[in-house]
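Notes to accompany the following structure.
The values are calculated or read from the model by the stated rules, or taken from the named source; none is laboratory data. Fair warning: this is a prediction, and the values are worked out from it, not measured in the lab. Note that we place each Cβ from the backbone using ideal geometry, even for glycine, and neighbour counts take in every protein chain shown. Note: accessible area is taken over every heavy atom of the protein model, side chains too, but ligands, DNA and RNA are not part of it. Shrake-Rupley method; radii C 1.70, N 1.55, O 1.52, S 1.80 Å.
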Amino acid sequence: MELGVALALVFFCVLLLASVAIAALLIRHCLAALRRPDADPEARPVVVMVPRHHHHSTQYELALSSEAPPPVTKQQQQQAPAADKEKKQAAAPRRLTWREVEALTGGFDESAVVGRGGSSTVYLAKLRDGAPVAVKVHRWCGGERRLRAFRQELDLLRRLRHPHIVALLAYSDDHEEGGALVLEYLAGGTLADRLHGVGAPLTWPQRMRIVHDVACALEHLHDAGAPPVVHGDVSASNVLLDGRGLGARLCDLGSACEGFSAAVAPTRAAVGSPGYADPFFLRTGIVSKKSDVYSFGVLLLEAVTGMPAAGDQHGTTENLAPRILPRLRQQGVAGLVDGRLGDGYNHEEAGDVARIAVECLAAQPGLRPAMAQVRAAIAEKAARSIAKSDYYGHHHIQLSKLLELT
């Protein structure tokens, strides 16, 4: 009987010690977790808005911070210098709440507006490090087509990374009546502004560099991924220029069609801006990668002639391509190059680029070259001007640019 009691006491003591040890381990683990910022659901990055007035608009500064930085291992410290640049470029866009979008735009402050469209407004803001960003706020107001365009653009920009396609930095898609894309801001405006505005005209080398950049972006959309992507709205208004050497970014993927390796019927009502839309699509309702090729051909003519794609400065209602194609085929480019260039262009290159444009504008899509062929032809025929351009491809995807609206 005494032996049984002794064994019971020993078992009870062992059980008690084990319980105390387990409880101590659990308490230690909980305390360690509480010290980590990511363990506290309330420890979200804090958004601090600082309004900064710039000319006629107000820029809002976004500061992201948390109570404590996450722990960094010794291995991470050793690898950080080599991987820092790659990590910045490959970083996934951050998802914002709608309240953060409101804060970033200063409560949708009208003084920060830098652009408007049918269903979206663009606000200028600043990150904590001083980098400007464009906040494109969509309002679909129950419109299924607008919502679909936003989802399409968001999905593509989250996956696309290319130095000549505008970069997505953050987004918000959890609001019932709207969404937002935080995009790199490019201070040079649109190609349309620079070709048809009142400022100094783009030089010939700058124009050749820009059209080559756009061709690179379209080639990437068409051929680099599976499935391929048709941009659907290539135009001078959807080409953004940086403020340094006028490198170009293609933007506005709201009309894009994914998986169109061959011509298929689109679901949306129209593809392309006035003056750029493929006549074959307008007749048949069929869109393909060659629809982008046609629009790019119009863009080439626009860069060579300085004339707008839809109508001209003298009130002509006929679009650029049908108006000058007959003359180009019969007489070449003589007398059609933008007069503001004077003699500051390469006559041989101008003729070669005009001939590339004529090929892109073939009536039948099957007769048009692929964008890879177009890009290679421009790189070859305009090599001297591209090399002469002040822009040498120093791209910074994590910074830069304002986006044209749908």
task = Just subtract the alpha-carbon distance of R94 and A363 from 0.36 nm times their residue separation and send over the number in nm, one decimal.
result = 92.5 nm
Sulfur and carbon atoms: percent of accessible area, the stretch 136-277 [1.4 Å] = 51 percent
task = Please state the charge dipole magnitude for the stretch 177-310, taken about the Cα centre, from unit charges on C-beta atoms (+1 on K and R, -1 on D and E), reported in debye and rounded to the nearest 20.
result = 300 debye
ask   = What percent do you get for the relative contact order of the stretch 171-262 when only Cα pairs under 8 Å and 6+ apart count?
value = 31 percent
ask   = Once you put a point 7 Å from the Cα of V198 and another 7 Å from the Cα of A24, both along the Cβ direction, what distance in nm separates them?
value = 8.1 nm
message = What distance in nm separates the two pseudo spin-label positions at A187 and L282, each 7 Å out from Cα along the beta-carbon direction?
response = 3.9 nm
task = Classify the stretch 149-238 as rounded, prolate or oblate from the Cα gyration tensor: take a ≥ b ≥ c as the square roots of its eigenvalues, call it rounded if a/c is under 1.5, otherwise prolate when a/b beats b/c and oblate if not.
result = oblate
